[in-house]
Amino acid sequence: MLSALSVGLGLYALAFGTGLAGRRLLAAVYLLSALAGATIAIAALRVLIAAGPAEVATLPLGLPWLGAHLRIDALSAFFLLVVNFAATLISVYGLEYGSHDAEPRRVLPFYPLFLIGMNLVLVADDAFAFLVSWETMSVASWLLVLATHRQDETRSAALLYLVMASLGTGALIFAFGILAGESGSYGFAAMRAAPITGGKAAVVFALALMGAGSKAGIVPLHVWLPPAHSAAPSHVSALMSGIMTKVALYGLVRILFDLTGPPPWWWGVVVLAVGAITALLGVLYAVMQHDLKRLLAYHTVENIGIVVIGLGFALAFRANRLDGLAALALVAALLHVFNHAMFKSLLFLGAGAVQVATSERDMERLGGLIRTMPRTAFTFLIGSVAISALPPFNGFVSEWLTFQAIIRGSELPQWLLKFEVPIVGAMLALAAALAAVCFVKVVGVVFLGRPRSPQAAEAREVGNTMVAPMAGFALVCTLVGVLPMILIDILRPVIALLLPGSGPALAGSSLLWLVPLGADRSSYSGLIVIAAVAILATVLVAAIHRFASNRLRRSPAWDCGFPDTRTETEYTAGSFAQPIRRVFGTTVFAARERVHMPAPGETHAASFEVTLKDPAWEGLYRPTATAVSFLADRLNVVQFQTIRRYLTLMFAALVALLLIVAVSQ
Amino acid sequence: MTTSLLDLVQLILVLALAPLLTGIVRKVKARLLGRRGPTLIQPYRDLLRLLRKEVVLAPSASWLFRVIPYTTFAAIWLAAAIVPTFTTGLMTSRIADLIALVALLGSARFGLALAGMDVGTSFGGIGSSREMMIASLAEPAMLMVTFTVALLVRSTSLPHISEFMLTHAVGIRISLLLGLISLAMVAIAENARIPVDNPATHLELTMVHEAMVLEYSGRHLALIEAASMVKLLLYLSLIVAMFLPWGMGIELPLGWAALGIGLGAYAAKLMVGAVLLGVFETAIAKMRVFRVAEFLGGAFLLGILAAIFLYVSEGL
């Protein structure tokens with residue numbers, strides 16, 4: 001595995017060097033990246049199947065007394081698989097998509113660099129290597145966001161991203177500092193050997209949730225994510241939304257399940273609450289969006305929430321020594337990590353194809369693309385059903401397993417958890433149902449109906465090198481949906497590593513049947529469901545066409561007798577979301593709708609206006625920003641002083657610090 | 001009888017009885033309004049008539065519009081076959097548990113809502129949008145009822161829930177009562193019945209489900225109408241299987257006597273359900289569309305309350 005990793009990283013590095021040359025070697029950059037991704041993904045898959053011991057290596061890099069420690073265990077291998085498998089297909093897509101970039105020099109070198117950063121985070125085995133890789137990942141992705149720097153909103157999105165990324169890394173630095181303890185050993189092996197407890201562990205927990213959570217996009221630290229992810233070129237959006245958020249979750253899992261000792265039960269309470277709020281608010285934001293890529297980015301927030309709910313249950317069960325149930329919850333969470341990486345990459349690639357074909361991201365100016373872009377539409381439809389957690393695709397399987405964990409939540413002894421579990425279940429159910437609403441809106445407005453603009457009417461299907469990766473992702477979504485045990489078997493070594501002694505997860509299952517907790521409790525078979533529906537539908541088609549009627553006539557739409565061919569009369573994304581806006585938006589977003597009708601005799605058009613307020617922005621960020629600028633104003637007086645006063649200030653500061661030292665000893 | 005044969009019986013039974021059930025509801029409503037009403041077999045005749053007619057398709061309709069009626073009908077038919085009706089010993093019931101059943105119906109609805117958007121008319125859009133709004137509240141309510149029952153029975157597998165209710169002295173529990181009310185409210189909303197929607201209306205602005213399928217005709221419309229009928233039967237069967245499973249055959253292999261009792265009890269329960277639905281629909285007025293959110297929000301909260309009561313009382 002280590003040799004394959006070094007070959008893969010070498011290929012990525014070669015791609016980075018090639019990328020510096022710009023547009024001429026565009027194909028080489030993406031081909032080398034795809035090759036590198038495939039190399040590492042295959043090696044990682046073999047590690048998981050073989051379930052061997054962890055491989056370690058120390059490189060003479062980094063801090064002189066530390067070196068750079070690398071370690072590939074089952075958890076690293078699983079995330080390496082997710083990252084590099086998706087990266088391979090996305091790189092193939094980049095071959096054609098990349099040629100549409102206005103300034104390829106701003107994308108090509110940083111694309112492989114971004115992948116190198118993410119790979120190194122997953123194999124780092126000391127805090128220093130971890131943080132350097134983490135920052136490489138952040139900075140490379142920030143540079144990729146800036147590829148479209150000529151648009152004003154990109155620049156503000158990039159600034160916000162930079163601020164939030166620094167905040168997150170800052171939190172992680174402190175977390176590792178506390179984990180290293182007084183001995184100051186930054187190797188993960190030392191942290192594992194002497195796990196911290198009590199108050200220190202609580203601080204590490206909070207900092208890890210903040211640091212990794214801000215990168216993953218948990219509410220309320222998500223504000224940077226939708227603008228930044230949607231501003232980047234679409235294949236980079238797929239990398240950021242589909243994969244980088246998973247690397248962030250890897251950081252969270254590594255710290256909470258591996259580097260700290262057994263968790264106290266209240267960690268579960270906090271993580272469950274954060275996850276449920278993230279899932280529900282993420283999907284509500286998404287329903288209100290009309291920008292295709294921004295909507296998808298908000299759905300990333302929702303899905304991260306679903307994974308976090310799974311992790312919260314794993315923590316709560318583990319704290320109460322219910323290891324079998326903890327294993328079930330962890331399987332659900334990790335399965336959703338994989339699934340989300342697949343369908344979110346697929347959907348962003350689809351959005352990129354739409355953008356290439358129409359130069360539009362605004363859903364209100366699209367429509368009818370199923371006729372002009374049938375293959376993109378079909379794969380996008382599969383991704384939409386999968387992300388809406390509907391059978392027979394993969395999103396449903398992981399949410400179903402999460403629900404199974406929720407039902408067993410009543411076995412948790414703590415009262416707070418007992419009250420929390422059904423409410424988390426209700427919020428997750430609501431989030432899943434709203435996701436379906438949102439994707440009926442997306443598919444219905446973008447791909448169905450009639451084109452709402454000339455660009456949409458004249459769209460052309462994209463080339464095969466763009467369709468093939470989307471088809472690949474769609475195939476994986478279907479395969480994992482109908483035969484989920486293939487993937488769950490691969491996950492077994494990860495569970496054994498993180499929850500030793502939990503026994504085999506989902507022991508009663510076979511290839512065909514998914515049985516999480518015993519056959520009399522619940523069972524599901526994706527393959528039989530899809531086969532039965534297919535057989536019944538085929539029989540119906542045959543019988544009806546044979547015995548009843550197979551005549552068909554094309555004629556104008558009925559529309560209650562008044563068909564209007566103007567596309568203005570079509571239902572738009574805004575009108576589709578109106579019922580949800582009325583039901584949920586008025587309380588959560590303070591949604592206001594205003595209709596301006598011209599007075600009789602005036603000739604200008606009537607207009608309709610919707611205002612929404614972002615609760616995270618209004619409630620947290622705006623007050624913080626106001627407070628910071630207020631303090632800065634007050635401190636401004638210190639800036640223009642005489643030398644004498646400066647010296648007095650420094651002397652006072654020194655005395656104050658010495659006093660603190662004296663008192664604390 | 002062997003199990004696979006029983007599975008076949010179940011598959012045909014739900015399909016054969018569904019139009020009759022709708023016929024009974026219509027008849028009850030007509031008699032309560034002082035009309036004689038059409039005969040009980042009128043729904044069968046309507047379906048056959050539609051099946052024989054040609055399909056009139058709008059020029060902007062895509063392949064999705066023509067595929068959806070078949071997949072939707074097949075999914076709902078399969079879902080109906082999964083719910084235990086006269087016996088708990090069917091293989092079909094194990095393909096999907098209650099949560100997966102809700103999701104399967106969700107897939108069917110997803111497809112139908114997309115079909116409503118396909119032609120690009122404003123009525124299709126308004127129908128899809130409102131149907132999905134109703135579903136976004138009904139589906140979580142349904143899942144909360146599922147949690148409640150699953151907590152008591154320690155299973156989400158439907159035949160297991162029925163067997164547990166039959167063989168254990170469950171007693172009268174406030175949680176189950178709340179769950180039953182919540183499920184009934186969900187069933188009314190999901191089947192587009194009064195007061196949420198009106199299956200008989202053709203007044204444009206009051207339609208939800210009917211507006212969504214407005215552009216369908218001929219055999220496609222027949223399938224969609226039949227799917228609605230099967231779905232009504234499914235929800236009645238679900239209430240029966242979860243809360244009132246008396247008479248179901250649980251001993252395998254199922255003898256002729258047990259089969260007879262099971263089928264008879266099922267038929268009687270459907271009859272009672274149809275009459276109750278007819279009376280309820282006649283007695284109540286349809287509500288404005290945005291009041292539906294309050295109605296289903298109520299169902300959702302009842303579901304949460306039921307689950308919390310049980311989570312807490314289980315811990316005592």
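The values are calculated or read from the model by the stated rules, or taken from the named source; none is laboratory data. Note that this is a predicted model, so its numbers are computed, not measured. Glycine also receives a Cβ, built like all others from the backbone with ideal geometry; neighbour counts cover every protein chain displayed.
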Count, please, the residues in region B:54-75 that happen to be closer than 30 Å to B:Phe243 by Cβ and at the interface with chain A (Cβ under 7 Å from one of its Cβ atoms). 3
What do you reckon, is B:Thr201 within 20 Å of B:Pro43 (Cα to Cα), within 21 Å of the chain's Cα centre (by Cα) and part of a loop (DSSP other than H, G, I, E, B)? yes
Quick one: is B:Leu51 in contact with a Lys or Arg (Cβ under 7 Å, 6 or more places away or on another chain), farther than 30 Å from B:Leu166 by Cα and within 8 Å of chain A (Cβ to nearest Cβ)? yes
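Look through region B:285-303, keep the residues that are more than 20 Å from the chain's Cα centre (by Cα) and at pLDDT 90 or above, and return whichever of them is farthest from B:Val170 (Cα to Cα).
It comes out as B:Glu294.
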Could you check, for region B:236-250, whether at least one of its residues is over 18 Å from B:Gly273 (Cα atoms) and touching a Phe, Trp or Tyr at 6+ places or on another chain (Cβ under 9 Å)? yes
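Conditions tested, residue by residue: (1) buried (at least 24 other Cβ atoms within 10 Å of the Cβ); (2) touching a residue at least 40 places away in the same chain (Cβ under 8 Å); (3) of a type outside the set (Gly, Ala, Ser).
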site	(1), (2), (3)
A:His340	yes, yes, yes
A:Leu346	yes, yes, yes
A:Gly350	yes, yes, no
A:Leu369	yes, yes, yes
A:Arg375	no, yes, yes
A:Leu381	no, yes, yes
A:Val385	yes, yes, yes
Which condition from (1) loosely packed, with under 11 Cβ neighbours inside 10 Å; (2) under 48 Å from the mean Cα position of the chain (by Cα) is the one that A:Phe651 breaks? (2)
Specify which of the listed residues (A:Ala351, A:Ala327) is more than 14 Å from chain B (Cβ to nearest Cβ), assigned to a helix (DSSP H, G or I) and more than 20 Å from the chain's Cα centre (by Cα). A:Ala327
When A:Leu172 is run through (1) at pLDDT below 95; (2) farther than 14 Å from A:Phe257 by Cα, the failure sits at (1)
Restricting region B:271-297 to residues that are free of Cβ contacts under 8 Å to residues at least 12 places away in the same chain and within 14 Å of chain A (Cβ to nearest Cβ), which is nearest to B:Glu139 (Cα to Cα)? B:Glu294
Give all pairs with beta carbons closer than 8 Å in which a residue from region B:66-84 that is under 20 Å from A:Tyr524 (Cβ atoms) meets a residue that is assigned to a helix (DSSP H, G or I) and among the acidic types (Asp, Glu); count only pairs at least 6 apart in sequence or on separate chains. B:Ala81/B:Asp7
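Given the criterion small (Gly, Ala, Ser) and closer than 23 Å to B:Val25 by Cβ, identify the matching residue among B:Ala299, B:Ala306.
B:Ala299
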Pick out, from region B:76-174, the helices (runs of 4 or more DSSP H) lying fully within it that include 2 or more residues that are at the interface with chain A (Cβ under 9 Å from one of its Cβ atoms) and within 30 Å of A:Thr572 (Cα to Cα). B:98-118, B:122-153
For A:Leu517, only one of the following conditions fails: (1) touching a residue at least 60 places away in the same chain (Cβ under 8 Å); (2) closer than 30 Å to A:Trp400 by Cβ; (3) assigned to a helix (DSSP H, G or I). What is its number? (3)
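Per-residue answers, yes or no, for (1) more than 10 Å from chain B (Cβ to nearest Cβ); (2) at negative phi; (3) surrounded by 13 or more Cβ atoms within 10 Å (Cβ to Cβ); (4) touching an Asp or Glu at 6+ places or on another chain (Cβ under 7 Å):
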site: A:Val515; (1), (2), (3), (4): no, yes, yes, no
site: A:Ser525; (1), (2), (3), (4): no, yes, yes, no
site: A:Arg554; (1), (2), (3), (4): no, yes, no, no
site: A:Phe562; (1), (2), (3), (4): no, yes, no, no
site: A:Thr565; (1), (2), (3), (4): no, yes, no, no
site: A:Glu570; (1), (2), (3), (4): no, yes, yes, no
site: A:Gln578; (1), (2), (3), (4): no, yes, yes, no
site: A:Phe584; (1), (2), (3), (4): no, yes, yes, no
site: A:Leu612; (1), (2), (3), (4): yes, yes, yes, no
Filter region A:484-512 down to residues that are surrounded by fewer than 18 Cβ atoms within 10 Å (Cβ to Cβ) and assigned to a loop (DSSP other than H, G, I, E, B), then give me how many there are. 9
Let me spell it out: the conditions are (1) farther than 30 Å from A:Val588 by Cβ; (2) buried (at least 18 other Cβ atoms within 10 Å of the Cβ); (3) among the β-branched types (Val, Ile, Thr), and A:Val223 meets all of them except one. Which number is the exception? (1)
Does any residue of region B:23-38 turn out to be touching a residue at least 60 places away in the same chain (Cβ under 8 Å), assigned to a helix (DSSP H, G or I) and within 14 Å of chain A (Cβ to nearest Cβ)? no
Quick one: which of A:Ala57, A:Ala77 is of a type in the set (A, V, I, L, M), within 17 Å of A:Leu335 (Cα to Cα) and touching a Leu at 6+ places or on another chain (Cβ under 7 Å)? A:Ala77
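Going residue by residue through region A:175-193, is there one that turns out to be surrounded by fewer than 22 Cβ atoms within 10 Å (Cβ to Cβ) and within 26 Å of the chain's Cα centre (by Cα)?
no
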Within 14 Å of chain A (Cβ to nearest Cβ) and either in a helix (DSSP H, G or I) or at pLDDT 90 or above (or both), is that true of B:Ala268? no
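Kindly indicate whether A:Leu162 is touching a helix residue (DSSP H, G or I) at 6+ places or on another chain (Cβ under 7 Å), more than 30 Å from A:Ala38 (Cβ to Cβ) and in a helix (DSSP H, G or I). Steps first, answer last, please.
On the way: touching a helix residue (DSSP H, G or I) at 6+ places or on another chain (Cβ under 7 Å): yes; more than 30 Å from A:Ala38 (Cβ to Cβ): yes; in a helix (DSSP H, G or I): yes.
Spelling it out, A:Leu162 is indeed touching a helix residue (DSSP H, G or I) at 6+ places or on another chain (Cβ under 7 Å), more than 30 Å from A:Ala38 (Cβ to Cβ) and in a helix (DSSP H, G or I).
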Spot the failing condition for B:Ile261; the list is (1) more than 14 Å from chain A (Cβ to nearest Cβ); (2) within 22 Å of the chain's Cα centre (by Cα); (3) free of Cβ contacts under 8 Å to residues at least 24 places away in the same chain, and only one is missed. (2)
